[in-house]
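S.K.: Questions regarding the structure given below will be posed in turn.
Every read-out reported here was derived from the displayed coordinates using simple, explicitly stated rules and does not represent laboratory data. These numbers were taken from a predicted model, which means no experiment stands behind them. With ideal geometry, Cβ positions are generated from the backbone for all residues, glycine too; neighbour counts draw on all protein chains shown.
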Amino acid sequence: MAQDWPEDEPVEAPGGPQGHPRGQLTPAIAEALCGLIAAGRTVPKAAAACGISENVFWRHHSVDPSFRLAVQQARQMGIERLADEILEIAEEKSDPRHRQVRIDARKWLLSKLLPKRYGDKVDLTVSQSKPLEQMTDAELYERLRHLEGAARVAASAGSTDEPATVH
């Protein structure tokens, strides 16, 4: 059966350096890593494609501020790439259920990584009832009945200051 997940295929680093020691992170390798991360690859896949271990990646990430900043910028570009991929996946001719799973996974990840931009919009506005001066007699009477009912429920729950316990 043919594999229809291109993102799982091995990826070579663009112009990836050959024959370098596995523990060294050269400027060329760092640039290739950031290019792969910006293209949406994960750190493990990008490191493997560049021929370095994840430990080397994270060690350099922890001690080199310029590399850390470059990776951060590459990750932001990779996140934006996820949004672009949603449209590409939607236009594919593959199994609709498979496409939906891939799209939903990316949408969920985007909503967690950039909630202000891609998260669900939550309306927290509180609508206030009319000011008392503008209410009719019937509206005032209904409001009073509602408040009296709420007061009775609170009084029947007990007069202690402790919260009610559930048994």
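S.K.: When the Karplus curve 6.51 cos²θ - 1.76 cosθ + 1.60 is applied with θ = phi - 60°, which whole-Hz ³J(HN,Hα) does each residue of region 27-44 get, with x for Gly and Pro?
M.R.: x, 5, 5, 4, 5, 5, 4, 5, x, 5, 5, 5, 7, x, 6, 7, 4, x
S.K.: In region 9-118, how many lysine pairs have Cα atoms under 26 Å apart, counting only pairs 8 or more places apart or on different chains?
M.R.: Working: Lys45/Lys107; Lys45/Lys112; Lys93/Lys107; Lys107/Lys116.
The result is 4.
S.K.: Also, quick follow-up: If you rank Phe67, Phe57 by fewest surrounding Cβ atoms within 10 Å, what's the result? The partial results should precede the final answer.
M.R.: Values: Phe67 18, Phe57 22.
Ranked by crowding around the Cβ, least crowded first: Phe67, Phe57.
S.K.: I would also like to ask the following. Just to confirm a number: summing +1 for Lys and Arg and -1 for Asp and Glu over residues other than Ala30 whose beta-carbon lies under 12 angstrom from that of Ala30, what do you get?
M.R.: Details: positive: Arg68; negative: Glu31, Asp64.
Residues close to Ala30 contribute a combined charge of -1.
S.K.: Using a simple charge model, +1 on the beta-carbon of Lys and Arg, -1 on the beta-carbon of Asp and Glu, nothing else, what dipole does region 9-118 show about its Cα centre, in debye to the nearest 20?
M.R.: Details: 16 positive and 13 negative charges, 90 e Å.
That gives region 9-118 a dipole magnitude of about 440 debye.
S.K.: Net charge around Ala138, counting only other residues with Cβ within less than 14 Å of its Cβ (Lys, Arg = +1; Asp, Glu = -1)? If you can, show how the numbers build up before the last one.
M.R.: Values: positive: Lys130, Arg143, Arg145; negative: Asp137, Glu139, Glu142.
Around Ala138, the charge tally is 0.
S.K.: Compute the orientation-averaged projected area for region 9-118 from the convex hull of its Cα atoms and round it to one decimal in nm².
M.R.: So the mean shadow area of the Cα hull is 7.7 nm².
S.K.: Tell me the trypsin sites (Lys or Arg not before Pro) within region 81-148 that lie in a loop according to DSSP and have at most 16 other beta-carbon atoms within 10 Å.
M.R.: Here the sparse-neighbourhood loop sites are Lys93, Lys121.
S.K.: I've got another one for you. Could you list Glu92, Glu31 so that the one with the fewest beta carbons within 10 Å of its beta carbon is first and the one with the most is last? Let's see the in-between values first.
M.R.: Details: Glu92 12, Glu31 17.
Final ranking by Cβ density, sparse to dense: Glu92, Glu31.
S.K.: Taking the number of other C-beta atoms within 10 Å as the exposure measure, put Asp84, Asp64 in order starting with the fewest.
M.R.: The most exposed by this proxy come first: Asp84, Asp64.
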